[in-house]
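Below: the structure, in structure tokens.
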Amino acid sequence: MPNRPDPDAPGRGRDSAPPVGVPNDLADLPWELPRAFLGLDRTDGPLNEADVAVLPVPYESTTSWGAGTRLGPDAIIQASRYVELYDQELDCEPGATLDIRTLPALELTRAGAAPAMDELQAAYGRVAEALGDGFLLMLGGEHSVSSPAILAQAQRFGRERLSVLQMDAHADLRLQYEGTPASHASAMARVLDRADVVGVGLRGVSREEIDLSRASKASTLIWADDMWEDDRWMEEALEALGPKVYLTFDVDYFDPSIVPSTGTPEPGGGDWYRTLRFLRRVFEERDVVAADIVELAPTPGLPAPDFVVAKLAYKLISYRYLTKAG
Ligand SMILES: [Mn+2]
């Protein structure tokens, strides 16, 4: 049985210290797992000693269609508390050995999309600086939160040009959408002059976006319908990625049969194992400096997609750990 809260289970976050806020003499009561990623309770010590920081950004613009992404980070964290720490593919327990911190959520200003994105870029940059070499995993929120994060990372690496691996059904290359360039549909258009963008799994794209992609050396599009016959698309994607990669994972990349909980689902998306095979290669063959997972809009009464995405988040951390350790 997966992890019911069990104080005797090895590798959970309750090995010695009592949960935060609980006095020592009550530490042995049957407290539930902490409401942190994987149920791990590692909150103290300077952030630059952490291997991984999970940063929830439950941002959703009020005008966005397909509401609910602001509940995404919490659903991922809740589901992650019941993910097995042991990973049979890698034959190890990354969650038990890594120092994984879950930060509080960032509440961005409601004064409009543009000021919220500016605020996020500054905040994200400061968190990334404080974390140093650790792996920063941001949980959205709608896809617009990715651009400030990518721009902040591009700034950190200066002249070393960043590549963005965008797992997504959509190109998000509209110059503006619903009157604002800060829209989720423009998330990648905003970073094209600062980073190369390789979109994988695309299948819902406008004519305008294809034209923009063809006119830009920085954009590579890999169509979902080219991903079924063989694995040549993996080589094509890897070839287009430079040494330093930022991974942005819009959960509508997945087929709606496994993740229907998203604002703009598209048929014909990625499956679980093929996707993991590709991601593992990316982590092995490139330096993935940071990642985000966005656009999960939890469906009440349908927890499976939340678990898929929680496990994906853990896989990203595990691949990163595996490749750093090896
Ligand atoms: Mn999308």
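Just so you know, all these numbers are worked out from the coordinates, no wet-lab data involved. No experiment lies behind these values; they were computed from the predicted model shown. For neighbour counting, all protein chains shown are included, and Cβ atoms are generated from backbone atoms with ideal geometry for every residue, glycine included.
Tabulated results
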{"item": "Cα centroid separation - the range 286-326 against the range 231-269, whole Å", "result": "12"}
{"item": "Residue-averaged [θ]222 nm for the chain, counting only DSSP H segments that reach four residues, each worth -39500 (n - 2.57)", "result": "-9500 deg cm²/dmol"}
{"item": "Whole-Hz couplings from phi, Karplus 6.51/-1.76/1.60, listed for the range 53-59; x for Gly and Pro", "result": "10, 9, 10, x, 10, x, 8"}
{"item": "Fully extended contour minus Cα-Cα distance, from A27 to E208, at 0.36 nm per residue", "result": "59.3 nm"}
{"item": "Simple label model, 7 Å out from Cα along Cβ direction - T299 to A215, nm", "result": "3.9"}
{"item": "Rg/Rh (Cα only; Kirkwood hydrodynamic radius) as it applies to the chain", "result": "0.96"}
{"item": "Extension gain from E160 to T109, taking 0.36 nm per residue of separation minus the Cα-Cα distance", "result": "15.2 nm"}
{"item": "Taking the range 252-326 and dividing mean pair separation by its residue count, relative contact order in percent (alpha carbons under 8 Å, at least six apart)", "result": "34"}
{"item": "Alpha-carbon Debye profile of the range 220-283, log10 I(q)/I(0) at 0.14 Å⁻¹", "result": "-0.43"}
{"item": "Other-chain or far-sequence residues with amide H under 5 Å of F135's (modelled H)", "result": "V52, A53"}
{"item": "Trypsin sites (Lys or Arg not before Pro) restricted to DSSP loop in the range 202-264 with at most 14 other C-beta within 10 Å", "result": "K217"}
{"item": "Kirkwood hydrodynamic radius of the range 39-117, from inverse mean 1/r over distinct Cα pairs, in Å", "result": "14.9"}
{"item": "Overall Cα dimensions of the range 119-191, principal axis frame, Å, largest first", "result": "36, 23, 20"}
{"item": "P(r) histogram, all alpha-carbon pairs of the range 223-324 included - 10 Å bins from 0, percent", "result": "14, 46, 34, 6, 0"}
{"item": "Long-range amide H partners of L162 with built H, under 5 Å", "result": "D196"}
{"item": "Cα Rg, Dmax (largest Cα-Cα span) when computed across the range 81-219, Å", "result": "16.9, 49"}
{"item": "Note, ³J(HN,Hα) from phi for the range 110-123, Karplus 6.51, -1.76, 1.60, rounded to Hz, x at Gly and Pro", "result": "9, 7, x, 5, 5, x, 5, 5, 5, 4, 5, 4, 5, 5"}
{"item": "Förster-model FRET efficiency, 30 Å R0, S257 and E285, C-beta, rounded to 0.05", "result": "0.55"}
{"item": "Simple label model, 7 Å out from Cα along Cβ direction - W272 to L90, nm", "result": "1.7"}
